[in-house]
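Take a look at the structure below.
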Amino acid sequence: MDVPLKPVNSASRIDLRRAVLDALNKIVQSDLLFAYPDRMHAGSRGEARLTARHDVNGELKAELATRGVPLSESASIVTMLTADLTSPVRNTLIITPENSAKNSSEYQRDWRIDARSPGNQRLDLTVALKARIPAAGDVQSEHLVFSHWLAVDAGSRSYWPLIASSVSGLAAVLVWMLSRRRRPLKPVRK
């Protein structure tokens, strides 16, 4: 759909679908924040969250205004966020989307991460924005994939043998010291 514009000195037309697509791609790349744990223990649970820095609809209207699209044309455009968090290696990280009813915004996504195996694990976040233009149909941004690394330690269970041996060694030293104290002192004769 072309939107007619009337600059002061000449008439021009803007491809609304192209302007929306360019604006969506810019918003996906610069206005989304991804918070995730950078270190976990095997057997523990963490959380990840994707949020928008600003109101996405407001950002889209501002972007379109800089591209010459009048507010009367951009006011009826509705945006939607799609996001998926995965890990390429099966069963090392179990990722579960959290209930969207808990989300405070339609542009927020939450996931629960259960770390199963130690090592450096990769998180892949795939994000896209979609806009519904009443007169021109749907436009979707590029699917962008952001990869992040998560270090998973062996967990606190691996320290139990060290802790147990230290405690038993300390106990042995204490028993030895206490047994030496109980022996009666004998006077030394000259």
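Just so you know, all these numbers are worked out from the coordinates, no wet-lab data involved. Since this is a predicted model, take the numbers as computed values, not measurements.
Length gained on full extension, residue 120 to residue 33, computed as 0.36 nm times the residue gap minus the Cα-Cα distance: 29.1 nm. Diffusion of region 2-155 by Stokes-Einstein, at 20 °C in a medium of 1.002 mPa s and with Rh set to the Kirkwood radius over alpha-carbon pairs, works out to 124 µm²/s. Backbone phi angles across region 27-44, fed through the Karplus curve with coefficients 6.51, -1.76 and 1.60 (θ = phi - 60°), yield HN-Hα couplings of 5, 4, 7, 10, 10, 10, 10, 10, 10, 8, x, 9, 8, 9, 9, 4, x, 9 Hz in residue order; Gly and Pro are listed as x. Using a cutoff of 8 angstrom between alpha carbon atoms and counting only pairs six or more residues apart, the relative contact order for region 2-155 works out to 28 percent. Converting phi to 3J(HN,Hα) with the Karplus coefficients 6.51, -1.76 and 1.60 and the offset θ = phi - 60°, region 115-121 yields 7, 9, 10, x, x, 7, 10 Hz in sequence order, with x at every glycine or proline.
Couplings for region 140-152, taken from phi via the Karplus curve 6.51 cos²θ - 1.76 cosθ + 1.60 with θ = phi - 60°, read 10, 5, 5, 6, 9, 10, 10, 9, 10, 9, 10, 8, 10 Hz in order; Gly and Pro are left as x.
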